[in-house]
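The structure appears right after this line, and notes come after that.
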Amino acid sequence: MNQITMTSKEIDRHGIITRLINKEINGTKAASLLHLSIRQTKRLKAKVEKHGLKGLTHASRGKIGHHRLQEKIKKKIVALLKKHYYDFGPTFATEKLRENHNINHDQKTIRQIMIEEKLWRPRIHRSGETHRTWRERRSSFGEMEQFDGSYEYWFEDRAGKCCLLGSIDDATGNITKLVFATSEGVIPVMSFWQRYTEHHGKPHSIYLDKFSTYNMNHMLAKENNDTLTQFERACQELHIELIKANSPQAKGRIERLWNTLQDRLIKELRLANISTIAEANIFVEKIFIPKFNRQFSVEPRSNVNLHQTLTVKNQSQLSAIYSKQTERTVQNDFTFSFNTRWFQLTKDQPATICKKDKIIIEERIDGSIHVRLRGKYLNYIILPVRPTKIKQPWILPATKEEANANQAHVPAPNHPWRMAFSKNTAVRQNHQV
């Protein structure tokens with residue numbers, strides 16, 4: 001005899017239908033108790049009268065579904081997941097099975113297989129988080145770029161930790177640029193935005209955090225509004241607005257991007273067998289970014305591109321603007337020091353140089369050094385070693401008389417000067433008494 005598995009809801013229904021069949025209640029009352037129409041109640045009554053308890057259960061219960069995954073295909077998927085995609089999420093694993101192995105199955109199917117094989121654990125959503133107000137996206141491409149850097153073992157154990165600099169457009173969700181660098185310092189950031197500006201033009205604004213590269217965090221510097229970082233000064237010259245977030249959650253789009261990249265990009269680099277910064281930068285520019293944007297970008301509310309094309313003047317000054325600039329003073333011999341080296345200004349110059357003039361040293365991205373005074377670039381040579389002053393050696397006196405001769409004269413106890421001082425002191429003491 002086949003056993004029938006019933007839910008508590010079906011058991012309750014059977015009790016009401018049985019009372020209806022036994023004429024303990026009428027059809028109207030039964031329909032009210034079942035929260036069904038009278039017509040549907042009559043159908044259930046007819047099924048129970050014909051099939052008994054089985055009439056209340058679904059006809060397909062206990063049978064193998066027509067769309068059930070074949071065991072052979074399931075074993076193949078499990079083998080591929082364990083070999084290549086053991087630490088992937090269900091969505092990403094589904095994409096890779098489709099791309100690399102021509103296995104087209106729904107994400108929910110792959111998700112269930114990964115849960116059964118303990119390759120993935122569903123997330124537990126916790127309540128009680130801080131409420132934050134939703135901010136609408138900007139309307140146009142280039143209106144605001146969210147920018148940040150993320151330190152991570154992007155190449156896993158194949159190389160050391162490095163920094164990934166990235167920008168994402170707020171209106172479209174497009175990754176506009178990704179660059180691997182050794183750090184989030186001034187020169188890497190300047191290099192990032194110089195290449196960005198050359199390719200896209202000037203964005204209207206940049207949304208970033210208060211990291212020291214972008215913001216003066218020293219207490220004394222905060223009190224002086226004219227104190228700018230190198231990056232702030234460069235953006236000011238190009239008339240790019242900087243918006244500084246007070247918390248990571250405020251620039252949530254770039255923070256969510258890091259969560260996605262730390263999952264997807266690390267695995268993509270592993271599959272492509274990439275272990276160097278140079279190879280990774282080519283990969284993200286040529287392959288990863290176009291593919292990511294096709295899959296995840298959204299349509300902006302406006303089709304206007306707010307990136308501003310560089311003028312001829314901006315193009316000629318771009319290397320100077322995106323440089324690390326330092327002020328130095330011209331010495332009396334027309335030399336100046338920079339980075340522990342000494343430089344000599346030559347005789348032939350495009351501008352008149354005076355002693356104590358303040359000059360600007362531009363340390364550019366390519367490593368070259370340019371010296372500027374009143375908009376003119378000066379000529380210089382690097383000195384091998386600056387001459388040092390000769391220090392006179394300390395010579396010990398040969399005799400006691402020579403040593404005493406070099407010392408200041410100390411009056412004797414009975415010297416008139418001491419005696420006069422003693423008499424005056426005694427008179428003052430007697431007067432006070």
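No value in this document is a laboratory result; all are computed from the given coordinates. These numbers were taken from a predicted model, which means no experiment stands behind them. Every residue, glycine among them, receives a Cβ derived from its backbone with ideal geometry; neighbour counts consider all protein chains shown.
Values for this structure:
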| quantity | calculated |
| --- | --- |
| Distance histogram in 10 Å bins (all Cα pairs of the range 145-296, percent per bin) | 10, 40, 35, 12, 2, 0 |
| Rounded to 5, percent antiparallel among DSSP beta bridges of the range 145-296 | 70 |
| Ranked by how many other beta carbons lie within 10 Å on average, peptides 239-246, 16-23 from highest | 16-23, 239-246 |
| 3J(HN,Hα) from dihedral phi, the range 28-43, Karplus parametrisation 6.51/-1.76/1.60, rounded to Hz, x for glycine, proline | 5, 5, 4, 5, 5, 5, 7, 6, 10, 6, 5, 4, 5, 5, 5, 4 |
| Cβ-based net charge around His84, under 11 Å, with every Lys or Arg adding one and every Asp or Glu removing one | +4 |
| Cα-based equivalent ellipsoid of the range 72-116: semi-axis lengths in Å, sorted from largest, via gyration tensor | 12, 12, 11 |
